[in-house]
1. Given contacts defined as C-alpha pairs under 8 Å and at least six residues apart, what's the relative contact order of the chain, whole-number percent?
2. About its Cα centre, what dipole magnitude does the chain give when the only charges are +1 on Lys and Arg Cβ and -1 on Asp and Glu Cβ, stated in debye to the nearest 20?
3. Note down the relative contact order for the range 39-142 as a percent, whole number, built from C-alpha pairs under 8 angstrom at least six residues apart.
4. Using only the alpha carbons of the chain, determine the length spanned along each of the three principal axes and report them from longest to shortest in whole angstroms.
5. Express in whole angstrom the spacing between the alpha-carbon centres of the range 45-64 and the range 82-116.
6. Between 52, 176, 23, where does the largest GNM mean-square fluctuation fall for the chain, given springs only between Cα atoms within less than 10 Å?
7. With a cap of 10 neighbouring Cβ atoms within 10 Å, and only residues DSSP puts in a loop, list the trypsin sites (Lys or Arg not before Pro) found in the range 76-163.
Amino acid sequence: MSEVLGVIIQFLPVILILFIANLAERLREQEQPYMPLAVLAYVSLGLLYGVLALLGLGALFVPAGLQAQPDLQEQLNTIVPVQSWAWLSWGILIPSLAGLLLLLKPVRRWLAGFSTLDAGNPVHAVSVSMTMFIPIYLAFTLGIGLNNLATQIATQVEETGRQPVTVGLLWVQTALFVLIALVGVGWLTRR
């Protein structure tokens, strides 16, 4: 049950930001003041990227700290073994900053010059910015290391006797992806 709650908590900010952006777009289509809602969506997403960028920046300095304290490195490796601090730190920091840049209207105007992006559409703004979550997730996976993740899962199965991923958890995750898609295209707000 706690795994299901964890997955819901992970997806909830994305769903809420898309919902707010769609509300702003509905007001924009009706030629009503929409900027407060659009700014709320942009600031919320910007805060997520800001936290991720700070984590990435902090991860840059971890290897130096671990060299100074080898006993701390052993303790950290038992909790979260990291295969590549460079992948983890730069792979989170750079896409986070890119996600912030994609929220800026001049950058969206530039992208609109060679795509079908509407630079003034709040849904387009948050959606194009959210594409940076993919390289962040990839960098996190590569930074920790697939072998380390597999070892952690095997250890968890041995210790608890339970599979870490259940069919129910996969269904919840799939349903949340569908909900993101539906909210993203304006379900409950513009459709």
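Just so you know, all these numbers are worked out from the coordinates, no wet-lab data involved. Keep in mind that what you see is a predicted model, and the values were worked out from it rather than measured. Every residue, glycine as well, gets a Cβ built from its backbone with ideal geometry; the counts of neighbours run over all protein chains shown.
1. In percent, rounded to a whole number, it is 31.
2. Dipole size: approximately 720 debye.
3. Reported relative contact order: 34 percent.
4. Principal-axis extents of the Cα atoms in the chain, largest first: 60, 39, 27 Å.
5. The distance from the Cα centre of the range 45-64 to that of the range 82-116 comes to 14 Å.
6. Comparing 52, 176, 23 in the GNM, the peak value goes to 176.
7. Answer by residue number: 162.
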